[in-house]
Amino acid sequence: FVHWRHQVRLAAALPRLAAGEAVARIAVDLGYQTPSAFSAMFRRLTGSTPSRYFALSDSA
């Protein structure tokens, strides 16, 4: 269940991050205590931090 919940949150976060919304705002909206907790989850699922993930996808 926890993995599924992380996947749902990640799916909700990706378009918002791509649109340039602040990580801190997204983290709070998705129920994370801190932006670092959100970033840790993001890194576990994608292998990258939110900012690095989008920097890499922009250069590809």
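Values in this text are rule-based calculations from the coordinates and carry no lab data. Treat the numbers as computed from the prediction; the structure is a model and nothing was measured. Every residue, glycine among them, receives a Cβ derived from its backbone with ideal geometry; neighbour counts consider all protein chains shown.
Overview of values
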| read-out | value |
| --- | --- |
| Residue selected from the range 11-45 under the condition outside any loop (DSSP other than H, G, I, E, B) and aromatic (Phe, Trp, Tyr), by the criterion surrounded by the most Cβ atoms within 10 Å (Cβ to Cβ) | PHE42 |
| Those residues of the range 46-56 which are in a helix (DSSP H, G or I) and surrounded by 13 or more Cβ atoms within 10 Å (Cβ to Cβ), in sequence order | THR46, PRO50, ARG52, TYR53, PHE54 |
